[in-house]
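Below is one structure, written out as structure tokens; comments come after it.
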Amino acid sequence: MDKAQKMHDLRVFAAEIRLETLKIIGSRGFGHVGGSMSMADTMAVLYGDVMNVDPKNPRWEDRDWFVLSKGHGGPVMYATLGLKGYYPIEAAYQLNQPGTDFPSHTDRNKTIGVDMTTGSLGQGMSEAVGAALGNRVQGRTNRVYVAVGDGESDEGQVWEGAEFAAHYKLDNLTCFVDDNGMQLDGPVAQVMSHGKGLGAKFDAFGWHVIDVKDGNDVEQIYDAVQEAIATKGAPTAIILHTVKGKGATFAESTGAHSSQPSKEQWDEAIAAAEAALEAVKNEK
């Protein structure tokens with residue numbers, strides 16, 4: 001398959017993920033739309049092409065791992081895994097219901113295909129670092145990917161993990177930073193500024209840093225991941241400049257962290273996502 005066809009397929013997958021993410025959250029009527037929708041393109045690249053996984057054997061020891069440290073973005077992971085065939089996608093429409101296997105934050109003991117339980121912000125980075133080191137010690141050649149939020153990066157635990165990973169030269173580890181500029185209490189720059197930027201911080205800790213200007217473009221993400229895989233001697237941080245709520249008509253313009261729109265707004269957003277999917281499918 002040539003690259004142009006591959007990118008088209010990944011754009012279609014990303015549009016499918018966005019549509020299903022909206023349906024999943026919409027089944028509950030409220031939830032973390034913003035930080036879920038901004039990650040759809042990255043999830044499409046990882047699970048649509050890059051990661052070596054087997055939906056029929058979710059605990060395969062040589063699989064690549066993905067840790068959603070910003071665990072409140074669980075709906076985008078549930079959509080991705082369902083579309084990938086880990087379970088019927090409709091099962092995820094029980095999001096955050098009593099007794100559900102699809103809680104608000106990702107839980108490896110409940111949801112098939114989730115590698116690590118996350119939700120306490122910052123801890124997913126430590127988990128990913130531990131997984132990367134553990135796999136290397138066991139002689140495995142698989143890779144570990146972790147996604148953290150820019151607001152989440154206020155947590156000191158993120159930087160303790162970053163320091164550890166650089167010291168041990170964990171080049172089998174790639175960290176995506178969802179740099180959408182917003183967090184629960186407002187703009188990141190107002191709540192807790194990252195100074196010279198998150199890329200500069202990772203660089204100072206000894207990471208290889210790749211700045212993706214459009215973090216909602218599958219080709220730019222794909223190229224960055226290929227560079228990360230080729231990088232030896234250091235972990236890689238991919239800074240994704242994303243739009244919070246990307247593809248959700250009621251959230252994209254506001255950058256809302258969590259949303260509880262009306263039924264009419266849900267219907268409008270889902271219809272727009274369906275139209276966007278059809279438009280991508282028809283691209284030449």
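Key figures
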| item | result |
| --- | --- |
| Accessible surface, the chain, averaged per residue in Å² (probe 1.4 Å) | 42 |
| Listed residues Ile89, Ile24 arranged by accessible area, highest first, probe 1.4 Å | Ile89, Ile24 |
| More than 17 Å apart - percent of Cα-Cα pairs taken over the stretch 1-142 | 60 |
| For the stretch 167-212: span of alpha carbons on each principal axis (Å, largest first) | 35, 18, 17 |
| Relative contact order, percent, the stretch 143-284 [alpha-carbon distance under 8 Å, six or more residues apart] | 25 |
| Reference-scaled alpha-carbon Rg (2.2 N^0.38 Å with N residues) for the stretch 77-208 | 1.16 |
| Over the chain, relative contact order from alpha-carbon pairs under 8 Å, at least 6 apart, % | 23 |
| Antiparallel bridge percentage (DSSP; both residues within the chain; nearest 5) | 10 |
| Hull volume in cubic angstrom per residue (convex hull over the Cα atoms of the stretch 1-48) | 59 |
| 222 nm mean residue ellipticity, helices alone, for the chain (DSSP H n ≥ 4; -39,500 (n - 2.57); rounded to 500) | -12500 deg cm²/dmol |
| Burial ranking of peptide ranges 55-62, 99-106 (average Cβ count within 10 Å, highest at the top) | 99-106, 55-62 |
| Coarse-grained scattering of the chain at q = 0.13 Å⁻¹, given as base-10 log I(q)/I(0) from a Debye sum over alpha-carbon atoms | -0.82 |
| 0 to 90° range, to nearest 10: angle between helix 123-137 axis and the chain longest Cα axis | 50 |
| Accessible area (Å², 1.4 Å probe, nearest 10) - Lys23 | 60 |
| Rh (Kirkwood; distinct C-alpha pairs) - the stretch 126-284, Å | 17.2 |
| Centre separation in Å (Cα based) which lies between the stretch 171-218 and the stretch 1-54 | 20 |
| Percent of alpha-carbon pairs separated by more than 20 Å within the stretch 15-87 | 27 |
| Helix 3-28 axis, angle to the chain major axis (alpha carbon atoms, nearest 10°) | 60 |
| The stretch 88-208: relative contact order as a whole-number percent, Cα under 8 Å and 6+ apart | 20 |
| Pairs beyond 30 Å (Cα-Cα), from Lys70/Lys263; Lys56/Lys201; Lys110/Lys201; Lys23/Lys110 | Lys56/Lys201; Lys110/Lys201 |
| Proximal charge balance of Asp150 [Cβ under 9 Å; K/R count +1, D/E count -1] | -4 |
| Percent accessible area from carbon and sulfur atoms, the chain, protein chains only, probe 1.4 Å | 49 |
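The values are calculated or read from the model by the stated rules, or taken from the named source; none is laboratory data. A quick note: this is a predicted structure, and the numbers were derived from the prediction, not measured. So basically every Cβ, Gly included, is an ideal-geometry build from the backbone, and we count neighbours across all protein chains shown. Only protein heavy atoms, including side chains, enter the accessible area calculation; ligands, DNA and RNA are left aside. Shrake-Rupley method; radii C 1.70, N 1.55, O 1.52, S 1.80 Å.
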